[in-house]
Amino acid sequence: MEFETLCLHADNNKKDEWGTLTMPVCQSATFVHKGVGVQSDYSYSRLSNPTRAHLENTVARLEGGAAAVAFSSGMAAITTVMKLFKQKAHIIASEDLYGGSLRLFRNVNTVEGMSFDFVDTCDIACVKSLINENTKAIYCETPSNPLMQVSDVAQLASLAHKNGLLLIVDNTFLTPYFQRPLDLGADIVIHSGTKYLGGHNDTLAGFAVAKTPELAEKIVYYAKTIGACLAPWDSFLIERGIKTLPLRMDRINANAKIIAEWLRGRKEVKKVYYIGFEDHAGYKVTKKQASGFGGMISFEVESKALAENVLKNIKVFQYAESLGGVESLITYPMLQTHADVPVDERERRGINDRFLRISVGIENIKDLIEDLEQAFKA
Ligand SMILES: *Cc1c(COP(=O)(O)O)cnc(C)c1O
């Protein structure tokens, strides 16, 4: 089946007695045993639930993995996956990561005895030079958040596997519609399902998708033990979102391209970070490993006053955190997603008081451009 069809029919094996077309919300915490010692698929919803299992089967097929596990948020997925690693484990991670992931690695996992090196994972030689006998994994986000750096997944995978490491890729920004890291050699894919997969800015969710059944089994073990599982109703909402993922991504991709070019044409805009520009450092790698550019654009304006004005004046764009939904959002990473990153590091990387990030939605492009024009002028 092709991707668009899989979004609707990946798991048509519902086996329910009513013949429901849509997987119902199976709102039950527990399940009646069929008999003493009789094995059944479901016993308790922390372990597994029919609505969640249906969604997990869909996501596993979309990413091409052996299995997917659905969590109550992206951070719950990442936290649980980190349980694969023990004390003294060393991980090499992208320095440009989602702020919550950085906080987890630095302030929780490090305290628990793991160690991290944060580097530009676009630089394979640098990643290679940091591998030591305790290194267990490479963790990357590509494109990265918010600087849109592109790492070569196939190259990282081959480096990881030569050294017996796992490659973990956060694929939230491009989704499997545009990029399938497991096909490129990654071992685990992470998602904040809150973003494009759900797509409607209304539900938190997360996923870990494992390439092999062995790895999946370990993640399932930690997931059911830790208990940060996705609720049945939320599973239903994410599944519903996925049905229109390809349509939304196509519109978002087209809108983003026009907005990125508009931004680049403004004299008040000093720099635009967008992976669809042919002169983007990662353009060639993107063309090789992805089939679209997604909807994320960061940019730097000439002054803090202008950045604040844009946030104050926009009317169609909403000034809000998060990304990946049908509504276009704009955020101020310095104050929101990256507020916990040390100031000097943030500044060095260009995440300053003039730096804004846009998540493009599916509105009519005319309204989006008009909104930006009036916000820049006002
Ligand atoms: C939002 C986000 C996360 C965290 O997901 P939540 O669902 O908010 O917990 C992780 N990675 C990326 C790239 C994200 O954008």
Here the residues within segment 306-327 that are more than 16 Å from the ligand (Cβ to nearest atom), under 18 Å from Ile351 (Cβ atoms) and of a type outside the set (D, E, K, R) are Leu306, Ala307, Val310, Leu311, Tyr319
Note on Pro176: of the conditions (1) part of a loop (DSSP other than H, G, I, E, B); (2) more than 12 Å from the ligand (Cβ to nearest atom); (3) open to solvent by less than 40 Å² (accessible area, probe 1.4 Å), unmet is (1)
Residue pairs within 7 Å by beta carbon, gap of at least six or interchain, first lying in segment 185-202 and in a strand (DSSP E or B) and open to solvent by 10 Å² or more (accessible area, probe 1.4 Å), second at pLDDT 95 or above and within 12 Å of the ligand (Cβ to nearest atom), listed first then second, are Ser192/Gly74; Ser192/Thr172; Ser192/Gly206
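Does segment 14-54 hold any residues that are of a type in the set (A, V, I, L, M), free of Cβ contacts under 8 Å to residues at least 40 places away in the same chain and either farther than 25 Å from Glu217 by Cα or open to solvent by less than 40 Å² (accessible area, probe 1.4 Å) (or both), and which are they? Give the derivation first.
Keep residues of segment 14-54 that are of a type in the set (A, V, I, L, M), which gives 21, 23, 25, 29, 32, 36, 38, 47, 53.
Those left that are additionally free of Cβ contacts under 8 Å to residues at least 40 places away in the same chain: 21, 29, 32, 36, 38, 53.
Leu21, Val36, Ala53, listed by residue number.
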Looking across segment 180-234 at residues that are basic (Lys, Arg) and within 26 Å of Leu247 (Cβ to Cβ), the single one that is nearest to the ligand (Cβ to nearest atom) is Lys195
For segment 42-50, check the following and say yes or no: at least one residue is away from the ligand (no atom under 16 Å from the Cβ) and assigned to a helix (DSSP H, G or I).
yes
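Return the only residue of Ala339, Ala290 being modelled with pLDDT under 95 and either within 30 Å of Arg180 (Cα to Cα) or within 16 Å of the ligand (Cβ to nearest atom) (or both).
Working: Ala290 fails: modelled with pLDDT under 95.
Checking each option against the conditions leaves just Ala339.
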Exercise. Any chance segment 136-144 includes a residue that's open to solvent by 50 Å² or more (accessible area, probe 1.4 Å) and either away from the ligand (no atom under 16 Å from the Cβ) or among the small types (Gly, Ala, Ser) (or both)?
Worked result: yes
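Among the aromatic types (Phe, Trp, Tyr), touching a residue at least 60 places away in the same chain (Cβ under 8 Å) and farther than 30 Å from Cys26 by Cβ: does that describe Phe207? Explain how you work it out, then say what you get.
Values: among the aromatic types (Phe, Trp, Tyr): yes; touching a residue at least 60 places away in the same chain (Cβ under 8 Å): yes; farther than 30 Å from Cys26 by Cβ: no.
It is false that Phe207 is among the aromatic types (Phe, Trp, Tyr), touching a residue at least 60 places away in the same chain (Cβ under 8 Å) and farther than 30 Å from Cys26 by Cβ.
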- Message: Among the residues that make up segment 217-228, is at least one of them over 20 Å from Ala66 (Cβ atoms) and either among the charged types (D, E, K, R) or open to solvent by less than 60 Å² (accessible area, probe 1.4 Å) (or both)?
- Response: yes
Being within 14 Å of the ligand (Cβ to nearest atom) and either basic (Lys, Arg) or at negative phi (or both) is the requirement here; does Leu147 meet it? yes
Taking first residues from segment 214-234 that are farther than 17 Å from Tyr42 by Cα and second residues anywhere that are part of a helix (DSSP H, G or I), the pairs with Cβ under 6 Å that are 6 or more apart or on different chains are Tyr222/Thr80; Ile226/Thr80; Ala228/Ala76
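Of all residues in segment 63-78 being of a type outside the set (Gly, Ala, Ser) and near the ligand (Cβ under 9 Å from one of its atoms), which is surrounded by the most Cβ atoms within 10 Å (Cβ to Cβ)?
At the first step, the residues of segment 63-78 found to be of a type outside the set (Gly, Ala, Ser) are 63, 69, 71, 75, 78.
With the extra rule that they be near the ligand (Cβ under 9 Å from one of its atoms), the set shrinks to 71, 75, 78.
Values: Phe71: 29, Met75: 20, Ile78: 25.
The residue in question is Phe71.
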Thr80: passes all of (1) farther than 30 Å from Asn201 by Cβ; (2) at pLDDT 95 or above but (1)
Scanning segment 150-171 for residues that are open to solvent by 10 Å² or more (accessible area, probe 1.4 Å) and within 15 Å of the chain's Cα centre (by Cα), the one farthest from the ligand (Cβ to nearest atom) turns out to be Val150
message = Tell me yes or no: at least one residue of segment 238-249 is in a loop (DSSP other than H, G, I, E, B), farther than 15 Å from Glu63 by Cβ and open to solvent by 20 Å² or more (accessible area, probe 1.4 Å).
response = yes
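The values are calculated or read from the model by the stated rules, or taken from the named source; none is laboratory data. Note that the structure is a prediction, hence the values are computed from the model and not measured. Glycine also receives a Cβ, built like all others from the backbone with ideal geometry; neighbour counts cover every protein chain displayed. SASA here: full protein model, heavy atoms, side chains in, ligands and nucleic acids out. Shrake-Rupley method; radii C 1.70, N 1.55, O 1.52, S 1.80 Å.
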